[in-house]
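A short reminder: the numbers here are calculations on the coordinates, not readings from a lab. Predicted, not measured: the structure shown is a model, and the values here were computed from it. We place every Cβ from the backbone using ideal geometry, glycine too, and count neighbours over all the protein chains shown.
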Amino acid sequence: MKLKNILLTILFLAIPYSLIPNPSHAQQVSLSLSPPLLELFIKPGKAIMVAYKLDNLGDPTFLNLKVLPFEAKDNLGNIRIKPEFEGPVRFSLDNADLTLDQPFFLKTNDSQQILLRIRIPENITDGDYYYSLLAETIPPTSSEGIGSARAKATIGSNILVTISNSGNIDIKPKIALFSTRGRLFDSSDKIPVVLTVVNKGKNMMKPEGQISLKGNFGETIKYDIISKNILAESERMIEATPSAIIDCENLRTEQKCLFPTSLILSGFFIGKYNLSTEIRFGENSPTIFGSTIFYAFPFKIMSGIILASLIIVFIVSRHSREDGNPD
């Protein structure tokens with residue numbers, strides 16, 4: 001009986017360890033696809049072949065290549081990949097051993113050249129068409145035939161296609177918003193500026209120009225606009241060369257950290273200031289203008305001076321009363 005109890009005890013202690021799964025290492029996924037952006041200006045009936053390079057810097061993996069259209073998601077330059085293919089542009093691979101939507105294997109530190117052929121049919125409407133060449137990892141299949149929950153990643157290269165029979169493009173820019181976040185500031189505040197441009201045309205455009213700050217005595221500072229694509233029939237916030245960086249990690253309650261900004265003005269401001277912008281979009285394209293104002297005064301310094309003055313008056317008054325009392 002005693003031997004039976006000992007055996008049961010050993011069996012009981014062994015059960016928890018038998019239920020612990022073998023340790024497994026997380027799959028390391030690191031992919032690189034170049035070029036990351038392709039801009040094409042092409043006429044109907046033409047075709048072009050583009051060579052891409054896909055590098056696998058992580059673990060060996062199966063990959064799948066596909067092309068999907070995308071559209072602007074917001075005014076910050078983010079995009080939304082559409083779930084199904086659409087549009088007149090045609091894509092295929094010229095590789096002998098690769099096909100779109102067919103998995104292939106890529107070893108660690110290995111590269112794969114991708115020969116993507118882009119064909120524009122005849123008699124299609126002028127305009128822009130936006131796509132992404134996507135390389136997506138395929139998680140390995142478990143023994144039960146179910147896809148593993150291990151790391152899965154997708155990397156993409158955007159393809160911006162402008163189609164024009166005549167060679168002309170349709171650009172219709174408009175400033176949707178140009179303002180500071182507020183009109184009245186303390187002299188020591190960092191002042192956030194927002195500039196948003198709408199593209200009402202059928203072709204993408206790239207803004208160039210400056211935001212200018214003019215002070216009370218005629219002094220002017222110019223900040224160069226960073227040229228980024230504004231997709232057709234979309235809106236985008238334009239950024240300019242920053243004059244300061246706000247540490248939003250330590251300023252979580254600051255309103256200026258809660259919203260994206262085009263430019264942060266840094267300095268000591270007193271009085272009225274004029275902001276203006278001039279934006280160009282290349283030859284034979286319109287130039288647009290915008291302006292706004294803001295005011296700044298040393299409220300914090302004035303408050304400190306007033307508080308210090310009140311304290312001094314209180315101390316002097318108290319000493320005067322004490323000196324006036326007889327012993």
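By the Kirkwood approach, averaging reciprocal distances over each pair of separate Cα atoms, segment 90-139 gets a hydrodynamic radius of 13.5 Å.
Sorting 265-272, 280-287 by their mean Cβ neighbour count within 10 Å, with the most densely packed peptide first, gives 265-272, 280-287. Counting lysine pairs in segment 108-219 whose alpha carbons fall under 21 angstrom apart, excluding pairs fewer than 8 residues apart on the same chain, gives 7.
Return the FRET efficiency for the residue pair Lys152, Asn284: r is the Cβ-Cβ distance, R0 is 41 Å, and the value is rounded to the nearest 0.05. Write down the numbers at each step before the final one.
On the way: r = 46 Å, r/R0 = 1.13.
The formula returns an efficiency of 0.35 here.
A simple rule links phi to the HN-Hα coupling: the Karplus curve 6.51 cos²θ - 1.76 cosθ + 1.60 with θ = phi - 60°, which for segment 101-112 gives 6, 10, x, 9, 9, 9, 6, 4, 6, 9, 10, 9 Hz, with x for Gly and Pro.
Efficiency by 1/(1 + (r/R0)^6): what FRET value for Ala96 and Thr125, r their Cβ-Cβ distance, R0 = 41 Å, to the nearest 0.05? Intermediate results must be reported in sequence, preceding the final value.
Values: r = 34 Å, r/R0 = 0.84.
According to the calculation, E is roughly 0.75.
Work out how much length Asp59 to Ala308 would gain on full extension: take 0.36 nm times their residue separation and subtract the Cα-Cα distance, in nm to one decimal.
Details: separation 249, 0.36 × 249 = 89.64 nm, distance 6.61 nm.
Roughly 83.0 nm would be gained on extension.
For Ala232, the amide hydrogen comes within under 5 Å of the amide hydrogens of Met204, counting only partners 5 or more places away or on other chains and with H modelled in the peptide plane.
Computed extension gain for Phe259 through Thr220, at 0.36 nm per residue and net of the alpha carbon distance, reaches 11.4 nm.
Using just the Cα positions, wrap segment 27-163 in a convex hull and report its mean projected area in square nanometres, one decimal place. Working shown, then result.
Values: hull surface 37.8 nm².
Here the figure is 9.5 nm², rounded to one decimal.
Less than 5 angstrom separates the built amide H of Ile238 from those of Leu195, Thr196, Val197, all sequence-distant by 5 or more or on a different chain. In this label model, Ile48 and Tyr295 are separated by 5.4 nm, measuring between points 7 Å along each Cα→Cβ vector. Around the amide H of Leu40, modelled in the peptide plane, lie the amide H atoms of Leu160, Val161, Thr162, all under 5 Å away and 5 or more residues distant in sequence or on another chain.
Projected label points at Lys228 and Thr241, each 7 Å from Cα along the beta carbon direction, are separated by 1.8 nanometres.
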